[in-house]
Amino acid sequence: MTRDELTARLNASMEARMVQILTGIADSKLENQEQYDQIKSLIDLTFHPKKEVGFRAAWTLEYIFMNHHCAGDHLEDLLSRFPEQKNPSCMRHYGKILAWLTGKKSAGLKEGQLDKIDFDPIIDILFTWLIDEKVLVATKVHAMQALANLAPRYTWIKEELLQTITHLEDRESIAFFGRAKQIRKALKKVKMENNDL
């Protein structure tokens, strides 16, 4: 599928079936380079000037990464573009992908791949999303989860995240606090595990 064909499909009304068709990129018998190029084009399309195309590309990208376990081949591309993402709908999917990739149930990464990445710039972005009043609550929830997932590696995150959650208590919705409660509990467990060492 060419980039123009991919753009045309993403420009059409999105239905669940459309995602399945587009995930043919990941399922196909394409040569590795062709498949790599198509997913790279999909990442590029998450920045499409037409916000609906960007959203559909991000949704499809999330679906491919989470169901076809090929994120490891595209992690550098995704993370290098992370700071550029300004489309609120795409930010939600980028946050969800990152929360999943840094979580315990991630798949499709090479052994030790995350250990080689300097997440400091991404961490700054996640905290910015968390405190920005204009950012959608779903994006904040995914940002909060990704930060919690990174806390064992970047130990300073724990206290900063707990303080940020406390600061947001009077500002955010019930949906935010359902996850915040789980994250507080998980952060305390991480702290206990570190104390046992």
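The values are calculated or read from the model by the stated rules, or taken from the named source; none is laboratory data. The shown structure was predicted, so the numbers you read here are calculated from the model rather than taken from an experiment. Please note: Cβ atoms are built from the backbone with ideal geometry, for glycine as well, and neighbour counts cover all protein chains shown. Ligands, DNA and RNA are stripped out before the accessible areas are found, and what is left, the full protein with its side chains, is counted by its heavy atoms. Shrake-Rupley method; radii C 1.70, N 1.55, O 1.52, S 1.80 Å.
Yes or no: residue 72 touching a residue at least 40 places away in the same chain (Cβ under 8 Å) and farther than 26 Å from residue 50 by Cβ?
Working: touching a residue at least 40 places away in the same chain (Cβ under 8 Å): yes; farther than 26 Å from residue 50 by Cβ: yes.
In short, yes.
Of everything in region 27-50 that is assigned to a helix (DSSP H, G or I) and over 15 Å from residue 3 (Cα atoms), the residue that is modelled with the lowest pLDDT is 27. Each residue in region 143-174 was checked for being acidic (Asp, Glu) and either touching a His at 6+ places or on another chain (Cβ under 8 Å) or exposed (fewer than 13 other Cβ atoms within 10 Å of the Cβ) (or both), and 3 of them qualify.
Do the conditions hold for residue 140, that is, is it more than 18 Å from residue 93 (Cα to Cα) and either open to solvent by 20 Å² or more (accessible area, probe 1.4 Å) or touching a helix residue (DSSP H, G or I) at 6+ places or on another chain (Cβ under 9 Å) (or both)? Please lay out each step first, then the result.
Values: more than 18 Å from residue 93 (Cα to Cα): no; either open to solvent by 20 Å² or more (accessible area, probe 1.4 Å) or touching a helix residue (DSSP H, G or I) at 6+ places or on another chain (Cβ under 9 Å) (or both): yes.
Criteria not met by residue 140.
If you check 52, 84, 62 for being surrounded by fewer than 22 Cβ atoms within 10 Å (Cβ to Cβ), within 26 Å of residue 133 (Cα to Cα) and in contact with a His (Cβ under 6 Å, 6 or more places away or on another chain), only one passes: 62. Checked against (1) in contact with a His (Cβ under 9 Å, 6 or more places away or on another chain); (2) on the phi < 0 side of the Ramachandran plot; (3) open to solvent by less than 90 Å² (accessible area, probe 1.4 Å); (4) of a type outside the set (S, T, N, Q), residue 108 meets all criteria but (2). On the given criteria, is residue 126 open to solvent by less than 10 Å² (accessible area, probe 1.4 Å), under 15 Å from residue 147 (Cβ atoms) and in contact with a helix residue (DSSP H, G or I) (Cβ under 7 Å, 6 or more places away or on another chain)? Criteria met by residue 126. In the set (1) more than 21 Å from residue 59 (Cα to Cα); (2) touching a Pro at 6+ places or on another chain (Cβ under 7 Å); (3) at pLDDT 90 or above, residue 190 fails one condition alone, (3).
Could you tell me whether any residue of region 154-165 is more than 14 Å from the chain's Cα centre (by Cα), at pLDDT 95 or above and not in a helix (DSSP H, G or I)? Yes, some residue in region 154-165 is more than 14 Å from the chain's Cα centre (by Cα), at pLDDT 95 or above and not in a helix (DSSP H, G or I). Checking 131, 117, 125 one by one, the residue that is within 14 Å of residue 161 (Cα to Cα) and in contact (Cβ under 8 Å) with a residue 40 or more places away in the chain is 125 and no other.
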